[in-house]
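Undergrad: Mind having a look at this structure? Questions to follow.
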Amino acid sequence: MNHVFVTRLLPDPAMQRLQAVDLVLDVWPEPGPPPYDELLRRASGVHGLLTLLTDRINARLLDAAGPQLRVISQMAVGVDNIDLAACTARGIPVGHTPGVLSDAVADLTIGLMIATARRFFEAHADMRAGRWRTWEPMGWTGPDLHGATVGIVGLGRIGEAVARRLQGFGVRILYHNRGPNPRAGELGATYVSFDELLESSDFVTLHCPYTPETHHLIGADALARMKPSAILINTARGGVVDQDALVEALRSGQILAAGLDVFTPEPLSPDHPLLRLPNVTALPHIGSASIATRIKMAQMAVDNLLAGLAGQRLPHCANPEVYEN
Ligand code: DGY
């Protein structure tokens with residue numbers, strides 16, 4: 001009989017599917033992630049692991065799990081918490097959830113652009129604190145999204161969904177990728193170098209995966225190239241941005257503001273300087289947090305897990321090279 005460890009309670013429809021299958025199911029019952037030592041202990045001897053982006057899956061964990069481990073299925077599209085090379089080397093396919101969350105993340109990205117530019121949270125906090133005294137000609141003003149130049153770093157599934165939405169705002173869209181995207185023309189997006197994107201954009205929005213190549217892609221040099229009126233939006237991964245450099249750029253007025261849904265580490269301490277700056281709009285990694293999207297992600301994670309346990313090819317595999325031999 002297959003043994004499976006699920007590192008968090010999933011939404012009902014997904015949980016019910018797992019409970020209906022003939023397997024020994026261990027589900028971490030706490031609202032927070034299992035501590036690493038507990039993860040090592042519970043993974044030992046399992047055939048399948050269903051993980052979240054808060055679980056560190058490295059070679060040590062794979063060794064602790066043992067050679068019978070057949071599949072890791074993550075309820076997220078990003079798998080930067082998983083050592084993919086170590087999984088591939090052991091012949092373990094890793095499932096993930098591309099596509100189903102692109103629209104929800106794109107919706108949130110547009111929301112974050114407007115909330116940051118138009119200072120929603122600052123105005124809301126002022127109102128609650130009794131600081132709304134009158135209508136002022138230039139009170140709580142900020143730049144427009146409509147008519148702006150938006151630079152998309154990473155025109156993949158989520159970047160494309162952002163570009164589609166932006167068409168309704170009459171913006172000029174620039175993008176930078178490892179290579180040109182063949183659908184860019186129909187999205188009205190123009191390929192430019194990374195430096196040109198930084199120098200020309202009023203909004204720079206990040207949609208690239210977090211890899212060793214994109215670590216601190218937005219650091220002091222990149223921030224120095226951006227306009228003093230520019231807004232940085234990050235709904236990708238915290239590690240794509242050098243947070244210390246960002247704090248400095250926001251404090252010194254090198255850029256205007258930032259809208260951030262992702263941080264290093266997560267959760268970010270409430271004392272972190274980023275959360276003390278008036279020109280930061282911060283959200284706790286909720287890009288995909290629509291009810292329907294999270295249920296679809298959980299269902300997709302179950303699809304991948306069950307396929308892997310049955311020895312079938314995962315419908316959505318993050319390391320397809322595992323099937324090459
Ligand atoms: C992902 O799936 O990688 C997101 O960051 C969480 O939805």
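The values are calculated or read from the model by the stated rules, or taken from the named source; none is laboratory data. This structure is a prediction, so every number in the text was calculated from the model and none was measured. Note: ideal-geometry Cβ built from the backbone for every residue, glycine included; neighbour counts use all protein chains shown. Heavy atoms of the whole protein, side chains included, go into the accessibility calculation; ligands, DNA and RNA do not. Shrake-Rupley method; radii C 1.70, N 1.55, O 1.52, S 1.80 Å.
Undergrad: Which of (1) open to solvent by 10 Å² or more (accessible area, probe 1.4 Å); (2) over 21 Å from Leu145 (Cβ atoms) does Val240 not meet, given it meets every other one?
TA: Here Val240 meets the rest and fails (1).
Undergrad: Turning to a different aspect of this structure: So which of Arg172, Arg157, Arg165 is more than 16 Å from the ligand (Cβ to nearest atom), among the charged types (D, E, K, R), in contact with a Ser or Thr (Cβ under 6 Å, 6 or more places away or on another chain) and within 19 Å of Ile233 (Cα to Cα)?
TA: Just a single option satisfies the conditions, and that option is Arg172.
Undergrad: Looking at the range 69-118 only, could you name the residues that are within 10 Å of the ligand (Cβ to nearest atom), closer than 19 Å to Leu309 by Cβ and open to solvent by less than 10 Å² (accessible area, probe 1.4 Å)?
TA: Passing the criteria: Gln74, Thr97.
Undergrad: Also, I was wondering about something else. Among the listed residues Ser201, Ser252, identify the single one that is loosely packed, with under 14 Cβ neighbours inside 10 Å and more than 20 Å from the chain's Cα centre (by Cα).
TA: Of Ser201, Ser252, the one residue that is loosely packed, with under 14 Cβ neighbours inside 10 Å and more than 20 Å from the chain's Cα centre (by Cα) is Ser252.
Undergrad: Kindly list the number of the only condition in (1) of a type in the set (Val, Ile, Thr); (2) within 13 Å of the ligand (Cβ to nearest atom); (3) part of a loop (DSSP other than H, G, I, E, B) that fails for Thr214.
TA: (2)
Undergrad: Among what's in the range 279-308 and is of a type outside the set (A, V, I, L, M, F, W, C) and in contact with a strand residue (DSSP E or B) (Cβ under 9 Å, 6 or more places away or on another chain), pick the residue that is nearest to the ligand (Cβ to nearest atom).
TA: Asn304
Undergrad: Filter the range 127-146 down to residues that are within 31 Å of the chain's Cα centre (by Cα) and within 24 Å of Pro228 (Cβ to Cβ) and give me whichever is most open to solvent (accessible area, probe 1.4 Å).
TA: His146
Undergrad: For the range 149-170, which positions are surrounded by 21 or more Cβ atoms within 10 Å (Cβ to Cβ) and farther than 15 Å from Arg183 by Cβ?
TA: The answer is Val150, Gly151, Val153.
Undergrad: I've got another one for you. Report, by residue number, each residue of the range 157-172 that is under 19 Å from the mean Cα position of the chain (by Cα) and at positive phi.
TA: none
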